[in-house]
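Chemist: Supplied in structure tokens, the structure appears directly below.
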Amino acid sequence: MTWTIGILWLILLSVNHTKSKPQVFLTSNSAHAVLERQKRDNFLFEELRFGNLKRECYEETCVYEEAREFFEDTVETKKFMDCYNAKDKCITSPCENGDVCRNRGYNCTCQKGFQSKNCGQVGDNCAPNPCQNGGTCYNSTEAYSCICRNGYHGTNCEHGVKDCTLGICHHFCKPTYDTYICYCAKGYILGKDAKSCIPAEPYPCGNIFVPPSRNHSNLDFRAIDEDQQSNKGEYPWQVLLRSEDNILCGGAILNEDFVLTSAHCVNRLNSFQVIVGEHNLYIDEGSEQIFNVSKTHIHSRYSPETFENDIALIKLEEPINFNNFTLPICLPEKDFADVFLMNSEYGATSGWKVKERNVQQPFLLSVPFAPFAEYAKCEKEQPFPVVHKMFCAGFEEIADPMCYLTKGSPFVTKHRGVWFLTGILSLGAEEFECTLPIYTKVSRYVKWIQKMTKK
């Protein structure tokens, strides 16, 4: 068709020439300008194809007749050619996915979710990662979504436990959608500031009414000795389990009716009594209370071979009478224990020293500054796998008497003046050569304890 228009144009020129100065031929330059045509992509069978504006005017040099073929309308063709000749590349709509094209050589403004010069690529909405607090980002063309770690929520996982890790609450903290709520251990009520916990009973859990045998504020003190005797009432939650054949174990008072100990102890004691307020085993000091056992609850997944889930509950026939020498230890919430208690520098443990079922010292021993051991160190020192429900604490260089304390005895941690139960002694020197005793991590069993104590 282009060739046909060119020939017609030559004929018109010859007619005009006969009316003026006679001239048979055009100059070579003029003839070349008429016949010259830009080389185009896809030249083969080009004229047989249906009109395609992008191919004709974006991939190739655009001419009027090609645009006229596409629009099939003189007015629309003129509008188009005016824009094209003004170098408006946006007229060819190079931007994909419905994105906006800016004029002059062209510049696509991509919609959210797309990128590249022509907005043809799906954008990475997860770069950089918008999810906070360890959340995982998943990309899509529309937006991104965050999969939050347990305890976090919000579009970017910005709400949740992170608010509670600030330690604003004196005891426990519950995250809500955009804030948190403080609450307290049993025996305490929330103060007017909605953060502090105030004793609401004469003998709230984790409180001590007698002076300690060692100054717990003296963090330079680290050594212990064979005769590290505690004061009477310094560990008022301590329990003694005594069987008829004189086998001894320890435990911790949870409330008036329940005592927590190890499953190992309950398994090996056929018949036993629970004694609270005990200090010197050989002397009746007037503070002791002796109870018979109503029922025992050994954890259903306790394994004597691997020592996993070494924990048990004992229900008493009569309730305990609390006083200055006998009161419960506070049971922590799981998140509270993981964030604060398990990250403490040290805890305290107590019990009676027993070797080969014989009492070595009659009075209650204590280790007031027992450091938590790193997991790798704990695992290295044990001849069996150490799972996440266990932890080690103590001094390798002076493991005795810690390794010989009564099994089931409590490991406690102090937080803002209140003591919380962190562990129950599971394994020591009776089972293997002990350098670091192993404790069952109580925080992993809070729900189980609450369920069993409600039965």
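Chemist: Filter the cross-link list Lys315/Lys451; Lys414/Lys454; Lys334/Lys414 down to pairs whose alpha-carbon distance in this structure exceeds 19 Å.
Modeler: Result: Lys414/Lys454 exceed 19 Å.
Chemist: If you don't mind, there's one more thing I want to ask. So which of Lys186/Lys380; Lys407/Lys447; Lys186/Lys377; Lys355/Lys380 end up more than 28 Å apart, counting from Cα to Cα?
Modeler: Correct reply: Lys186/Lys380; Lys186/Lys377.
Chemist: Let me ask you something else. Can you order the peptides 304-317, 411-424 by their average number of other Cβ atoms within 10 Å per residue, highest first?
Modeler: Packing proxy ranking, top to bottom: 411-424, 304-317.
Chemist: For segment 227-453, what are Rg and Dmax over the alpha carbons, in angstrom?
Modeler: 15.8, 45
Chemist: Right, next: Translational diffusion coefficient, Stokes-Einstein: compute it for segment 312-351 using the Kirkwood radius over C-alpha pairs as Rh, at 4 °C and 1.567 mPa s, and state it as an integer in µm² s⁻¹.
Modeler: My calculation gives 98 µm²/s for D.
Chemist: Compare the peptides 189-198, 367-376, 348-357 by average per-residue count of other Cβ atoms within 10 angstrom and give them in order, highest first.
Modeler: Averaged packing, sorted descending, gives the order 348-357, 367-376, 189-198.
Chemist: Separate question: Loop only by DSSP, 14 or fewer other Cβ within 10 Å of the Cβ. Give me the trypsin sites (Lys or Arg not before Pro) in segment 235-306 that pass, ordered by residue number.
Modeler: Those satisfying the criteria are Arg301.
Chemist: Taking 7 Å along the Cα-to-C-beta vector as the label spot, tell me the Val63-Val210 distance in nanometres, rounded to one decimal.
Modeler: Calculated label separation equals 11.0 nm.
Chemist: With a 10 Å radius around each residue's Cβ, average the other Cβ atoms per peptide and rank 324-337, 127-140, highest first.
Modeler: For the peptides 324-337, 127-140, the packing ranking is 324-337, 127-140.
Chemist: Also: Can you give the FRET efficiency for Glu201 and Ile283, using 1/(1 + (r/R0)^6), R0 = 25 Å, r = Cβ-Cβ distance, to the nearest 0.05?
Modeler: Approximately 0.25, to the nearest 0.05.
Chemist: Same structure again: Could you point to the residue in Ile298, Gly394, Val359 farthest towards the positive end of segment 284-419's charge dipole, with +1 and -1 charges on the Cβ of Lys/Arg and Asp/Glu respectively?
Modeler: Towards the positive end, the residue furthest out is Ile298.
Read-outs throughout are calculated quantities, based only on the coordinates presented, and are distinct from any laboratory measurement. Computed from a predicted structure; not experimentally measured. So basically every Cβ, Gly included, is an ideal-geometry build from the backbone, and we count neighbours across all protein chains shown.
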